[in-house]
1. Which of the pairs Lys72/Lys204; Lys228/Lys393; Lys97/Lys204; Lys321/Lys344 have their Cα atoms more than 32 Å apart in this structure?
2. If you rank Arg81, Arg277, Arg159, Arg122 by fewest surrounding Cβ atoms within 10 Å, what's the result?
Amino acid sequence: MRQGIRLVLLLILTLTASTGLIYVYYPEEAYQEALEKKMELDRQKGIAEDFELVRTIIDGQMLFTEVPSRIKDNHVLIPLRATLQGLNYNINWDNKKRLVRLEYEGTKMQFVFDVPEAKINRKNLDLMIAPMEVQGVSLVPAALLEVLGITVSWDENNRVINVDTPNQNAWPFKVSDNSKITVLMYHEVGDGPNNLFVRDSEFKEQMKYLWDNNYQVVSMDEALNLLKNNQNVDKCVVITFDDGYRTFFTKAWPILREYRFPATVYAISDKCVNNPRYLEWEQMRFLQANWIDIGSHTKSHPDLTGLSPESMADEIAGSKKVFEDNLYYPCRHFCYPGGALNDKVVKMVETAGYESAVTIQNGYASSKNNILLLPRVRIPRDTAISYFAQLIK
């Protein structure tokens, strides 16, 4: 039965790519199976090494997408439909010719996939890089969007593409008298032998509660900025996962994606290759582009307090380098394995250049905390939604 589902999904993906459809909706499990299959095919063909997946902000909002923006040959390619949402435009495809025609505010544009040029009001425009079609999604160079009055800029330090459209409906933070930030601590989503596992239904109910009650789920970077600037933010939550288990990709990510929630996963770098229980590099690159920060949980998850200075440096600073070399993105956040730490360990984390570190100490983060000793609120299995509501208040 499962094999039959996979065959149908592959057929859907093939038809989607050939017809130019932009969005296809799958059940969560089926979506993940199709995505993992696509990643494996990309890896076999060597396609994944030709580009870098990168994050995108459109009008102040994080872009979550099956096909993220990317940098290819030093040029930016951005999902067309996602950028144009909210704008009054017309678009048509000629599937046989792989031709796209678009009109917006009197500007007429047409281009062909895999051809590095376009026509703008019948005048030729050299694009430097060709538009692409990936899994039925149109990825176009920044030059095409700029013709439409859309501003595209590249933030090298944060590895983020910023897109500003004439729509301009960014969501600012709401300021209140509440200075707490609740950092939630999870390990795995699914059924398991201990209470480190949170059931799928429980996790989804908890994320839905955050959404329905207007909690602001922010990235660890955003939380740090709020704390450093002593800003008061109403109902602010950070979601963290320890250890980097594969179930984050297969179970937690589809739910986070549904609600457009960022999160931080603290992974163990030695377990990222040929280990089916843990996330692999290709999955982490995809997650990183979709606002899931990958932080370090060391190389091998040792008790850091019992290591020599050399071994401690390798586990802390060495793992940071491994993550940055493989993800092409700054590794800014750290998690102490088992919560074991002392002054020497904290000093080593600081020396390595991490911007934050989380503990297993129960509590709420505030501007009074040392940012290398941030407390968290652990969410175990069988947490009733009424108790979850109390924990995050």
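Values in this text are rule-based calculations from the coordinates and carry no lab data. Quick caveat, the model's predicted, so the values are computed rather than measured. Neighbour counts are summed over all protein chains in view; Cβ atoms, including those assigned to glycine, are modelled from backbone coordinates with ideal geometry.
1. Listed pairs above 32 Å: Lys72/Lys204; Lys97/Lys204.
2. So the residues, fewest neighbours to most, are Arg122, Arg277, Arg81, Arg159.
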